[in-house]
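Novice: Mind looking over this structure? Questions follow.
The values are calculated or read from the model by the stated rules, or taken from the named source; none is laboratory data. These figures come from a predicted structure and were not determined experimentally. All Cβ positions, glycine included, derive from the backbone under ideal geometry; neighbour counts span all protein chains shown. For accessibility, only protein heavy atoms count, side chains too; no ligands or nucleic acids. Shrake-Rupley method; radii C 1.70, N 1.55, O 1.52, S 1.80 Å.
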Amino acid sequence: MAGPNPFQSLQKELNVDGQTFHYFDIASFEEFKELPYSIRVLLESAVRNCDNFQVLEKDVRGILSWKATKSVKTDAELEIPFKPARVILQDFTGVPAVVDFAAMRDAVLKLGGDPDKINPICPSDLVIDHSVQVDFARTPDALNKNQDLEFERNKERFTFLKWGAKAFNNMLIIPPGSGIVHQVNLEYLARVVFQDDSKSKDGVKMLYPDSVVGTDSHTTMINGLGVVGWGVGGIEAEAVMLGQAISMLLPEVIGYKLTGKLNPLATSTDLVLTITKHLRQIGVVGKFVEFFGPGVSELSIADRATISNMCPEYGATVGYFPIDQNALDYLRQTNRAEDKVQVIEAYLKATNQLRNFSDASQDPIYTQTVQLDLATVVTSVSGPKRPHDRVSVSEMQKDFRDCLTAKVGFKGFAIPEDELKAEGHFSWADGKSYALRHGSVVIAAITSCTNTSNPSVMLGAGLLAKKAVAAGLKVAPYIKTSLSPGSGVVTYYLKESGVVPALEELGFHVVGYGCMTCIGNSGPLDDNIANTIEKNNLVCCGVLSGNRNFEGRIHPNTRANYLASPLLVIAYALAGTVDIDFEKEPIGTKADGSKVFLRDIWPTRLEIQAVEKQFVIPAMFRDVYSKVELGSDSWQGLNAPTGKLYPWDEASTYIKHPPFFESMTRDLPKMCNIVNARALLNLGDSVTTDHISPAGSIARNSPAARYLASRGLTPREFNSYGSRRGNDAVMARGTFANIRLVNKLVSGPGPRTLHIPSGEEMDVFDCAERYTQEGTPLIAIVGKDYGSGSSRDWAAKGPYLLGIKAVIAESYERIHRSNLVGMGIIPLQYLEGQNADTIGLTGQEQFNIALPDNVKPHDKITVETDGGLKFQVVVRFDTEVDLEYFRNGGILNYMIRKMIS
């Protein structure tokens, strides 16, 4: 049972402008000054929550010993608990979270407990940033048309969430149409320092650092404002909402020193793509990255947030910028109350957590230090298939041509020599004929949380557009151009600065507020374009200011996709192709025939900063966010059910009671061995959560489409997998449904596999169903970095529903491994230097896996096949808590048993 806090003597008073606050003086520890700033946040949480039950005194001592265990690279591992200050959800994962909470209430009632106990304990912010599909673009009314269509498509989901806001305590919901969750978090929701009176006995507020876990991997964006936060799976987030501490290994911290200044033509996007490639080469998976050095002071909070946002792409848990004076100024700029900012500053000074990046004496100890001179950053893009494959724009033409002929892979398409000059022609609505070739741009999108939160690149794009229009340049009408800001503030300052007319002249109309092209909701391409691309086997391109460009994610017809700054999105749209050398070739011509080069219209950083200083002001944030929680007329008009238990509708194809707790008992289930299992799939390296559980459109020939059609829906009503995450029947059928999935058991890419021993090739879901009917347990064989990409809980829930009991991988992305454990799936890992090929596995074997009753984290066990092969694997339960979750059949089952015990 919980006891008194052994560190109560560290609680002190702080007086600010006549107000009295309490806080824990963690700076009084002798070891404190050498701790990285990010570790100090973990320390404060442990000290404040220490009850010798969930958080032990030895956990605090363990964090204080960070220098001894983690300041050098060692194999020493120390498990610690962490209780974040809050949870943030976006509706793609928020809907299944609320679905699970509703189902947990039913399960608790069925097992004789009190369903009212299922309530968020940890403050939970849910932002409905629904990923609007760009059905309409390049028209003045695109915004209204897309939003009306999305509300029509998702009315049932929104109604369900509105019920959840009433049914569950301590949950704040930001209605649809407000912006992207991470930008709303940065501009509005982040507290930086909590002023909490919820547990006060005397009315005195407790001060402590804001920290957050979120159900999207880009939750890390908030690290740019000095808030420690990272993405977790929806499953783990739900446990945190119920008051459960996260169990984690005390991380190494890589110190990333920034020096110098960006050159006048470089952008924060160029910087983040450079850092992403650098850190992927170093290898920072599972580690914290903390930025320091005088160069940090040269970066705005928006610049820092751009770098922190792409933390999942370089693989770290966080990409942290400690709080400095710039961060406090940003709070004022974004209209945070002055009295609260003063309290934040006083607390940070009292606890030695306010950073001066120019003062080297404040530099803590790091596990490893790496360095980047900002002056070396050049204009860059990343692609064509991975966010860390950075290419300088000066080398882009050569790199793309090399990719065309290179063998199929992350940098290759294997186009035969005699097809390199292929082109196709089509007619457009303007009566003209156009040609597509390898490299032709068909999608150009200023989109995603990575860049649309950053005024410097958004205003830079606007200034470039003004200069392009003044020079008489145009974007070809068939290119699907779109602008999807991360919040209403962006539109506000774009309009006030006078750049909107030029953006619209080039086709960049606002199409909605939320995740769009970056997550795969680019909407359809015209049939003439799609048919021309397919008929001529063309490698056409998407260029977007996003963070992900994995195969099949952006659009089925854009085989090459490049991440770029908003300025370069416009530049490549003007050029119409990525097969161009901007230094030597003009981007267009004026009416008089004179050539226009990109350098002629490119704004400098100083030009952009002058406009930003004039037009990005606190009044904009006040106006936009003063009414954000109210929502639109459509939201206000929704009639949501009432009551603590949700009235499930059997006819619904959006919200369905999940089957996770149907056979659950009060007592722990017995651990069983996996006997005579078959491999449902044999996959290679870098299989992402987009491969496992796509978020985009539901293909008309897919198992999910057949299911929806059987329920009376037409193809135009199918919507996306992301929007149907509250329905397990759809999501199970959408598991491994990515059109670019490469399964070694079948000959071509796609969501197909081989049923053994019949030898019949089938859709993955249909094959899994057949195995289930035959009583055959399943495993998956995969390569390196399994589960990279979005922190998608359905990438674990889906395989669980298909009957997969274990995964054998070379390595895992952090969040996905945790999600597998959270669903009761065993993550196994080959020994160092081994994989399916070196062992001699084909995927057509039968597998026996015995898990001892006394299994411990990182134990080695033996896998046997029917052909006589035996090989050892590491059990990737990384902590004792992982093991406890697995024994319970998953993290949610554990929480239910805890609630009724």
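Novice: With only Lys, Arg, Asp and Glu charged, each at its Cβ (+1 for the first two, -1 for the last two), find how big the charge dipole of the chain is about the Cα centre; round to the nearest 20 debye.
Specialist: Magnitude of the dipole: close to 440 debye.
Novice: Along the positive direction of the dipole of segment 249-392 (beta-carbon charges: Lys, Arg +1; Asp, Glu -1; about the Cα centre), which of Q362, P294, V381 reaches farthest?
Specialist: Farthest along the dipole direction, towards plus: V381.
Novice: What are the aspartates and glutamates whose alpha-carbon lies under 18 Å from the alpha-carbon of K407, with same-chain residues fewer than 8 places away excluded?
Specialist: D389, D399, E417, D418, E419, E551, D685
Novice: Whole-Hz ³J(HN,Hα) for each residue in segment 763-773, computed from phi via Karplus 6.51 cos²θ - 1.76 cosθ + 1.60 with θ = phi - 60°, x for glycine and proline: what do you get?
Specialist: Once θ is set to phi - 60°, the couplings for segment 763-773 become 4, 4, 4, 4, 5, 4, 4, 5, 4, 4, 4 Hz.
Novice: Moving to a separate point now. Please list, ordered by chain and number, the residues whose modelled amide H lies under 5 Å from the amide H of G588; skip anything fewer than 5 residues away on the same chain.
Specialist: Close amide H contacts, sequence-distant or interchain: V596.
Novice: Then there's this: How would segment 14-165 be classified by its alpha-carbon gyration tensor: rounded, prolate or oblate, with rounded meaning a/c under 1.5 and the a/b versus b/c comparison settling the rest?
Specialist: Details: a/c = 2.28, a/b = 1.75, b/c = 1.31.
Prolate, since a/c reaches 1.5 and a/b exceeds b/c.
Novice: Run the Debye formula on the Cα coordinates of segment 241-345, all scatterers equal and no solvent, and tell me log10 I(q)/I(0) at q = 0.16 1/Å.
Specialist: Results for segment 241-345 at q = 0.16 Å⁻¹ read -0.82.
Novice: Under the classification rounded if a/c is under 1.5, otherwise prolate if a/b is larger than b/c and oblate if not, where does the chain fall, given a ≥ b ≥ c as square roots of the Cα gyration tensor eigenvalues? Walk me through the numbers before you get to the answer.
Specialist: Working: a/c = 1.43, a/b = 1.09, b/c = 1.31.
Taking the square roots of the gyration eigenvalues as a ≥ b ≥ c, the chain is rounded.
Novice: Here's a follow-up. How many angstrom lie between the Cα centre of segment 237-262 and the Cα centre of segment 557-613?
Specialist: 37
Novice: Let me ask something additional. In whole percent, what relative contact order does the chain give with Cα contacts below 8 Å and a gap of six or more residues? Write down the numbers at each step before the final one.
Specialist: Details: 2051 pairs, mean separation 120.5, N = 901.
The value is 13 percent.
Novice: Please turn the phi angles of segment 744-758 into ³J(HN,Hα) values with the Karplus equation 6.51 cos²θ - 1.76 cosθ + 1.60 (θ = phi - 60°), one per residue in order, whole Hz, x for glycine and proline.
Specialist: 5, 7, 10, 7, x, x, x, x, 10, 8, 10, 7, 10, x, 5
Novice: Please enumerate, by chain and number, the lysines with C-alpha under 24 Å from the C-alpha of K145, excluding those fewer than 8 residues away in the same chain.
Specialist: K155, K162, K480, K495, K627
Novice: So, in Å, what gap is there between the alpha-carbon centers of segment 321-374 and segment 695-715?
Specialist: If we compute the Cα centre of each part, the gap is 50 Å.
Novice: What are the residues whose amide H is under 5 Å from the amide H of Y562, where those residues sit 5 or more places off or on another chain and H is modelled from the backbone?
Specialist: Distant-sequence amide H within range of Y562: G542, V543, L544.
Novice: A further question follows. Which order do the peptides 84-91, 883-890, 15-22 come out in when sorted by mean C-beta neighbours inside 10 angstrom, highest first? If you can, show how the numbers build up before the last one.
Specialist: Details: 84-91: 27.4, 883-890: 20.6, 15-22: 12.9.
My ranking of the peptides, most packed first, is 84-91, 883-890, 15-22.
Novice: Using unit Cβ charges (K, R positive; D, E negative) and no other charged atoms, how large, in debye to the nearest 20, is the dipole of segment 77-202 about its Cα centre? Walk me through the numbers before you get to the answer.
Specialist: Numbers: 15 positive and 19 negative charges, 50 e Å.
Taking the Cα centre of segment 77-202 as origin, the dipole is about 240 debye.
Novice: Turning to a different aspect of this structure: Tell me whether segment 452-570 comes out rounded, prolate or oblate; compute the Cα gyration tensor, take square roots of the eigenvalues as a ≥ b ≥ c, and use a/c under 1.5 as the rounded threshold. It would help to have the intermediate numbers written out before the result.
Specialist: Numbers: a/c = 2.18, a/b = 1.54, b/c = 1.42.
Cα axes put segment 452-570 in the prolate bin.
Novice: Taking amide hydrogens as modeled 1.01 Å from N in the peptide plane, which residues meet the under 5 Å criterion relative to D389, leaving out close sequence neighbours?
Specialist: G383
Novice: Return the whole-Å distance between the Cα centroid of segment 64-114 and the Cα centroid of segment 825-864.
Specialist: Value for the Cα centre distance between the two parts: 27 Å.
Novice: Might you report the magnitude of the Cβ-based charge dipole of segment 266-313 about its Cα centre, with Lys and Arg at +1 and Asp and Glu at -1, to the nearest 20 debye?
Specialist: With Lys and Arg at +1 and Asp and Glu at -1, about 180 debye.
Novice: Here is a follow-up. Pick out, from L273, H816, G514, the residue whose Cα sits farthest towards the positive end of the charge dipole of the chain, with +1 on the Cβ of Lys and Arg and -1 on the Cβ of Asp and Glu.
Specialist: G514
Novice: With every protein chain present, what is the per residue accessible area of the chain (1.4 Å probe, Å²)?
Specialist: 35
Novice: While we're on this one: Please report, in cubic angstrom per residue, the volume enclosed by the convex hull of the alpha-carbon atoms of segment 1-43. Spell out each step's value before the answer.
Specialist: Values: hull volume 4.9 nm³, N = 43.
Hull volume normalised by residue count: 114 Å³.
Novice: Keeping all protein chains in position, work out how much accessible area F660 exposes to a 1.4 Å probe, and write it in Å² to the nearest 10.
Specialist: In the full protein context, F660 sits at about 20 Å².
Novice: Percent of accessible area on segment 680-773 owned by carbon and sulfur, 1.4 Å probe? Show your work: numbers first, answer last.
Specialist: On the way: 1630 of 3380 Å².
That share works out to 48 percent.
Novice: Now for a separate question. Normalised by the residues of segment 803-901, what does the relative contact order come to in percent, with Cα pairs under 8 Å and at least six apart? Present the calculation step by step, with values, prior to reporting the outcome.
Specialist: On the way: 145 pairs, mean separation 30.0, N = 99.
Reported relative contact order: 30 percent.
Novice: Give me a comma-separated list of calculated 3J(HN,Hα) values for segment 570-587, in order, Karplus coefficients 6.51, -1.76, 1.60 applied at θ = phi - 60°, integers in Hz, x for any Gly or Pro.
Specialist: So the Karplus estimates, Gly and Pro as x, are 5, 4, 6, 5, 5, 5, x, 7, 8, 8, 8, 9, 4, 6, 9, 10, x, 7 Hz.
Novice: Additional query: Expressed as a rounded percentage, what relative contact order does segment 344-414 have, with Cα pairs under 8 Å and six or more residues apart?
Specialist: 16
Novice: Hey, what D do you get for segment 387-507 in µm²/s if you plug the Kirkwood alpha-carbon radius into Stokes-Einstein at 4 °C and 1.567 mPa s? Walk me through the numbers before you get to the answer.
Specialist: Details: Rh = 17.1 Å.
Translational diffusion coefficient: 76 µm²/s.
Novice: In the structure displayed, which of K411/K584; K398/K474; K411/K432; K257/K398; K411/K590; K70/K797 lie more than 30 Å apart, Cα to Cα? Mind showing how you got there, number by number?
Specialist: Numbers: K411/K584 24 Å; K398/K474 25 Å; K411/K432 34 Å; K257/K398 32 Å; K411/K590 36 Å; K70/K797 34 Å.
Too far apart for the 30 Å limit: K411/K432; K257/K398; K411/K590; K70/K797.
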